[in-house]
1. Which residues, counting only those in segment 114-147, are in contact with a strand residue (DSSP E or B) (Cβ under 7 Å, 6 or more places away or on another chain) and among the polar types (S, T, N, Q)?
2. Going by the conditions given, is ALA103 of a type outside the set (Val, Ile, Thr) and farther than 13 Å from SER47 by Cβ?
3. Pairs, please: C-beta under 8 Å, at least 6 apart or cross-chain, first residue over 17 Å from VAL144 (Cα atoms) and hydrophobic (A, V, I, L, M, F, W, C) and in segment 91-106, second surrounded by 10 or more Cβ atoms within 10 Å (Cβ to Cβ) and modelled with pLDDT of 90 or more?
4. Mind listing whichever residues of segment 89-138 are surrounded by 10 or more Cβ atoms within 10 Å (Cβ to Cβ) and among the aliphatic types (A, V, I, L, M)?
5. What residue, of GLU65, GLU80, is out of contact with any Cys (no Cβ under 6 Å at 6 or more places or on another chain), loosely packed, with under 14 Cβ neighbours inside 10 Å and closer than 22 Å to PRO137 by Cα?
6. If a residue counts only when it is touching a His at 6+ places or on another chain (Cβ under 8 Å), which strands (runs of 3 or more DSSP E) contained entirely in segment 41-137 have at least 2 such residues?
7. List pairs: first in segment 49-68 and touching a residue at least 24 places away in the same chain (Cβ under 8 Å), second of a type in the set (Lys, Arg) and exposed (fewer than 13 other Cβ atoms within 10 Å of the Cβ), Cβ under 8 Å, 6+ apart or cross-chain?
Amino acid sequence: MANTKETKPNTKTTTKKVVKSTKPVKKSVKKETKPVVKKTETKSAESFAVIQISGVQLKVFKGKEYEVNKLEGKKGDKIEVKEVLLLSDGKDTKVGKPYVDGAVVKLEITSQKQGKKIEGFKYAAKSRDRKRYGYRPSITKVIVKSI
């Protein structure tokens, strides 16, 4: 059995309308960009020291303020730290074995206060054993007067 229906070829005609706009077309113009040069501060030119104080080692710069673990003293007291591990003046660096001979860093206590609360939680599975604890450590703020 032959197919007796004739099929028409698909002849759809489309007309495109061209619409001219009255606004002028903007051409994109690339602007020349200058490279951005960021100025970075170099701390290598500054003098600094690595000291050991209240159980920790700190890299200190003159005139900056640091928070350390509780030190004995009141606000305004002067402290001399002789445990200097490294001393640098920007050009020359001295490394101690373990401390640099004759090097002293002078600090001044600016405040005694309590730090942020440290919280802990112990948990033992399947035994309903839970312990929660927390404390606020005492800290001292010091400012470096001289290296």
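The values are calculated or read from the model by the stated rules, or taken from the named source; none is laboratory data. These numbers come from a predicted model, not from an experiment. Please note: Cβ atoms are built from the backbone with ideal geometry, for glycine as well, and neighbour counts cover all protein chains shown.
1. Once the filter is applied, which keeps residues that are in contact with a strand residue (DSSP E or B) (Cβ under 7 Å, 6 or more places away or on another chain) and among the polar types (S, T, N, Q), segment 114-147 yields GLN114, SER138, THR140, SER146.
2. So ALA103 fails the test.
3. Listed pairs, sorted by first residue: VAL95/LEU85; VAL95/LEU86; VAL100/VAL84; VAL100/LEU85; VAL100/LEU86; VAL100/LEU87; VAL100/LYS94.
4. Those that are surrounded by 10 or more Cβ atoms within 10 Å (Cβ to Cβ) and among the aliphatic types (A, V, I, L, M): VAL95, VAL100, ALA103, VAL104, VAL105, LEU107, ILE109, ILE118.
5. Every option except GLU65 fails the conditions.
6. none
7. PHE61/LYS43
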